[in-house]
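Here the structure is laid out as structure tokens; the discussion comes afterwards.
The values are calculated or read from the model by the stated rules, or taken from the named source; none is laboratory data. Since we're looking at a predicted model, the values are computed, not measured. Cβ: placed from backbone, ideal geometry, glycine included. Neighbour counts: every protein chain shown.
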Amino acid sequence: MARLVIVSNRVPLPGQNQRAGGLAIVLQDVMSSVGLWFGWSGNTTPNGGGVHSMTHRGVEYATIDLSEDEYQKFYVGYANSALWPLLHFRLGLMEFRREDLEGYRAVNKLYADTLLSLLKPDDLIWVHDYHLIPFGGMLRRMGVRGRIGFYLHIPFVPHSVFSGLPQGDLLLRDLCEYDVVGFQTEEHRNDFLDTVRQSLGHDISEDGVIHVPGRPVQTIVAPVGIDGLAFNRQAERAARSKNNKRLTDSLNKRHLMIGVDRLDYSKGLPNRFEAFNRLLTRFPEHSQHVSYLQVAVPSREEVNEYASLRPVLNRMAGDINGRHGTFDWVPLRYMSQGVSRATLAGFHRISRVGLVTPLRDGMNLVAHEYVAAQDADDPGVLVLSRFAGASSYFQDALIVNPNDPDEIAEAMHTALNMPLQERRRRHMRLFENVLRLTAASYCQTFLDALSGKQPGNEK
């Protein structure tokens, strides 16, 4: 049986706390079949390099360090200052420097050089996300002939947007070096195929196979999910916890709305805060009857656009609470500290409204977690951006345009007033999709394609 090798930017080492919705959570169902997980340690050292290895429950973990210069060009520069804004439709925030592109490709080469000595001839290699697009092609040029697949966890963009990236054709050729390329939604896959067709001129079959000279490249749709039943049980337990009691007591019988996000400009948080302000202004009947809890943990603060977001939200939260709050009611509770996944499960369960309104997103597993956490007898309502991958599968949510604070406010109002029977109907259909689109089904879909067991795609 072929060994499975996972390659990702960061490696979730055993014993480390994992962010809710992280790659380790998604892939936990296949961990027992993973032979090797390889990537960056998360550490910078003066010279970088060096392989750190450990084995846990039969899985080998191998990591390398980066130098500060490699980290700045590869991670802060090209990956998160050029590719991330590009693939989230934010060309105006893209900062391209040729030296960052060179650094990005150099680190991918370092990854490939290091992994090469650890590979076996029949390994199946599964590469994850935008940090490592050139990686597969570099292995090919080093003589690796086994099957290599790539999965993009964030959106792809139409050709008109992608063409704004200088030397973008390099990345398209890199992606066409893989045997399988996977996406969250049909829209993301179609945008990729159209971009390949227009930029590279390859023939593409109706089933999404790219005919690169000498070999086919299969594209698939493999939506990421969670173990919904397990998360529901976790939420039910957490609802009886001390933290949940503290939160419930503090609400004083008010409804709770909740948002859980990384502090990231793609998440649409300023628009969401403004929507809450407009809810209280336009629908004053909710004043003193609802509290909004936003958990937004800072990330990538080395990138200017991320660092500048924090003071904006701090100011907005202060303005909203100053304008609408009373001596015994704080309308908006804004937290930048991390909260455990188990605790959040309990918070989701008691929330009447879940707010998932990114400007653009891959899947956004918080939407899955909110639905899974609910009490089916008295469920909350999901307000979901049409530009989150989850909206392709969760049509029974209240779907909103995240660029329109008034539309979000109106959805908040609808959700808070929604009758119990309608909440139950919507939740039942949403939960059916959570149970259908699991982490296990995602992994199986991709691995079947990677191993050559199925030519089609998952819809």
Suppose we filter the stretch 122-151 for residues that are within 21 Å of GLY103 (Cβ to Cβ), touching a helix residue (DSSP H, G or I) at 6+ places or on another chain (Cβ under 7 Å) and either not small (Gly, Ala, Ser) or not assigned by TED's automatic domain parsing to the domain that holds LEU110 (or both); how many remain? 12
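Considering only the stretch 257-269, I want to know if a residue exists there that is outside any helix (DSSP H, G or I) and without any contact (Cβ under 8 Å) to a residue 12 or more places away in the chain. Write out each step before concluding.
Of all residues in the stretch 257-269, those outside any helix (DSSP H, G or I) come to 257-264, 268.
Right, trim to without any contact (Cβ under 8 Å) to a residue 12 or more places away in the chain and you get none.
No, that holds for no residue.
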Within the stretch 241-254, can one find any residue that is surrounded by 20 or more Cβ atoms within 10 Å (Cβ to Cβ), outside any helix (DSSP H, G or I) and of a type in the set (Gly, Ala, Ser)? no
Candidate set from the stretch 174-229 (those that are of a type in the set (A, V, I, L, M, F, W, C) and part of a loop (DSSP other than H, G, I, E, B)); member that is surrounded by the fewest Cβ atoms within 10 Å (Cβ to Cβ): CYS176
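Which of the residues that make up the stretch 132-151 are touching a strand residue (DSSP E or B) at 6+ places or on another chain (Cβ under 8 Å) and either within 19 Å of VAL34 (Cβ to Cβ) or of a type in the set (Lys, Arg) (or both)?
Here is the first cut: in the stretch 132-151, the ones touching a strand residue (DSSP E or B) at 6+ places or on another chain (Cβ under 8 Å) are 132-133, 135-136, 139-140, 144, 146-151.
Correct list: LEU132, PHE135, GLY136, LEU139, ARG140, VAL144, GLY146, ARG147, ILE148, GLY149, PHE150, TYR151.
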Is it the case that MET418 is closer than 21 Å to SER291 by Cα and either at pLDDT below 95 or of a type in the set (A, V, I, L, M) (or both)? yes
Number of the exception - SER160 against (1) assigned by TED's automatic domain parsing to the domain that holds ASP375; (2) surrounded by fewer than 16 Cβ atoms within 10 Å (Cβ to Cβ); (3) of a type outside the set (D, E, K, R): (1)
Search result, residues across the stretch 378-403 that are in contact (Cβ under 8 Å) with a residue 40 or more places away in the chain and part of a strand (DSSP E or B): VAL381, LEU382, SER385, VAL400
Would you confirm whether or not the stretch 305-317 contains a residue that is within 23 Å of PRO155 (Cβ to Cβ), within 27 Å of the chain's Cα centre (by Cα), without any contact (Cβ under 8 Å) to a residue 12 or more places away in the chain and part of a helix (DSSP H, G or I)? yes
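Conditions tested, residue by residue: (1) under 24 Å from the mean Cα position of the chain (by Cα); (2) in the same structural domain as PRO46 (by TED's automatic domain parsing); (3) surrounded by 21 or more Cβ atoms within 10 Å (Cβ to Cβ).
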site: GLY58; (1), (2), (3): no, yes, no
site: GLN72; (1), (2), (3): yes, yes, no
site: TYR78; (1), (2), (3): yes, yes, yes
site: SER81; (1), (2), (3): yes, yes, yes
site: PHE89; (1), (2), (3): yes, yes, no
site: GLU95; (1), (2), (3): yes, yes, no
site: GLU102; (1), (2), (3): no, yes, no
site: VAL107; (1), (2), (3): yes, yes, yes
